[in-house]
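Structure record follows, encoded as structure tokens.
The values are calculated or read from the model by the stated rules, or taken from the named source; none is laboratory data. Owing to the predicted nature of the structure, the values given are computational and were not obtained by experimental measurement. All Cβ positions, glycine included, derive from the backbone under ideal geometry; neighbour counts span all protein chains shown.
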Amino acid sequence: MEVAQLKTVREVYKAGSLSKASMRLNKAPSIISRQVSALEKEFGARIFHRTGRGVELTELGEQILPQIDQLIAAMERMLQTGKRHPEELSGEVRVFISSAICDSFVVRLVSAVKEAYPCILLQISEGYSVEIALAMERSAADVAIFLRNGRTVAPGEEPIGEFDTYLVGRPGDPLLAGREILLSELQGLPLVIPSEPSLARYAIGDLAASRGIELTIVTEVNSSKSSRALLAAGAGYGIAPVGCGPARELGAIGEWIGQGVLQGARIRDPDLKRTLVVRANTSKKDRVDAVRKTAIDVLRQLKRETELKPCSGFGHRFGTARP
């Protein structure tokens, strides 16, 4: 049982229908329905009768709704215990975000921080993961959202999800028609990738060299937007992170593939995993921790939403499975 499920049930009751509740909560109707169904499954009975006009409380719903209100209020009081009032948290917080993260994250992070902590001023910078890691080491960043190579995270880092490594290019490229591509097939391909230092470039470069695979770099690009334009135009292939499985569109590349701007195939043999993490400068003030927690909440919500999105339409952009 989650607070989000309880709040959704309360909002559905107030709105009188799933569709109206979805508009109030700014969530897809399918997400609202899943949350209600999940809670009904835990209770072992329906909370709402679905009617042509909307929804009505069942006998169980009438019994538990007042208790739901009490639970939500109690949990919110518990969360606020020992916290400073939002208006007391003020000042600048420098947030560095990996360009691998989907664009919608920034919009939702700013909105969430402004709503909860109106006196905090966010300073947002975008870059590659190695630049962000260095910024944290130099104390030039307060909160960092970036990708680490592999599945291991450092102390103080909050893991959000895993990313695969994809070969990415223009839509319709026959080389990318399969869902997967072997690392050995990168031999001789014209690559458009970031210049050094780059964590992803180091990882795949070292692995390719250990296997006798020669990487051919034709262009070094340190801008995600410029890289997207070149790849979509067929100027070469990129090596980029894409969210694992249903959470593909948590990453910018997965989002662009889903939109049909690019096409991609997962590199395997071996699998090259990366981990999305959130890290904060622990020596800073309460406002930094508030932004860190908000970033984690927003990312996890985005991850849940992308996992619940229908996967239809992705087949031709991510290709079909190899036999």
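What the table below lists for this structure:
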item: Test: residue in region 22-37 that is of a type in the set (A, V, I, L, M), closer than 17 Å to residue 301 by Cβ and touching a residue at least 40 places away in the same chain (Cβ under 8 Å); result: yes
item: Residue in region 1-24 that is nearest to residue 53 (Cα to Cα), counting only those that are touching a helix residue (DSSP H, G or I) at 6+ places or on another chain (Cβ under 7 Å), of a type in the set (A, V, I, L, M) and surrounded by fewer than 18 Cβ atoms within 10 Å (Cβ to Cβ); result: 4
item: Residues being in a helix (DSSP H, G or I) and closer than 13 Å to residue 68 by Cβ - total across region 1-34; result: 12
item: Selection count, region 47-68, where residues are surrounded by 17 or more Cβ atoms within 10 Å (Cβ to Cβ) and closer than 29 Å to residue 307 by Cβ; result: 6
item: Pair list, Cβ < 7 Å and 6+ apart or interchain, from region 268-282 residues that are more than 12 Å from residue 244 (Cβ to Cβ) to residues that are among the aromatic types (Phe, Trp, Tyr); result: 277/146
item: Subset of region 208-247 (residues that are among the small types (Gly, Ala, Ser), surrounded by 16 or more Cβ atoms within 10 Å (Cβ to Cβ), within 20 Å of the chain's Cα centre (by Cα) and part of a helix (DSSP H, G or I)); result: 224, 247
item: Cross-chain or 6+ apart pairs with Cβ under 6 Å, region 206-231 first and outside the structural domain of residue 168 (by TED's automatic domain parsing), then surrounded by 12 or more Cβ atoms within 10 Å (Cβ to Cβ); result: none
item: Candidates 144, 135 - the one that is in a helix (DSSP H, G or I), surrounded by 15 or more Cβ atoms within 10 Å (Cβ to Cβ) and either at pLDDT 90 or above or outside the structural domain of residue 222 (by TED's automatic domain parsing) (or both); result: 135
item: In region 59-97, the residues that are at pLDDT 80 or above, of a type in the set (Gly, Ala, Ser) and part of a helix (DSSP H, G or I); result: 61
item: Hits in region 248-259 - residues which are out of contact with any Cys (no Cβ under 9 Å at 6 or more places or on another chain), surrounded by fewer than 23 Cβ atoms within 10 Å (Cβ to Cβ) and in a helix (DSSP H, G or I); result: 258
item: Hey, residue 115 assigned to a helix (DSSP H, G or I) and either in the same structural domain as residue 205 (by TED's automatic domain parsing) or not β-branched (Val, Ile, Thr) (or both) or not; result: yes
item: Options 229, 209, 252; residue that is within 17 Å of residue 266 (Cβ to Cβ) and of a type in the set (A, V, I, L, M, F, W, C); result: 252
item: Residue match in region 143-159 (condition: of a type in the set (Ser, Thr, Tyr) and closer than 27 Å to residue 232 by Cα); result: no
item: Odd one out for residue 289, checked against (1) in the same structural domain as residue 116 (by TED's automatic domain parsing); (2) without any contact (Cβ under 8 Å) to a residue 40 or more places away in the chain; (3) surrounded by 23 or more Cβ atoms within 10 Å (Cβ to Cβ); result: (3)
item: Members of region 188-203 found to be over 17 Å from residue 264 (Cα atoms) and of a type outside the set (Lys, Arg), listed by number; result: 188, 194, 195, 196, 197, 198, 199, 202, 203
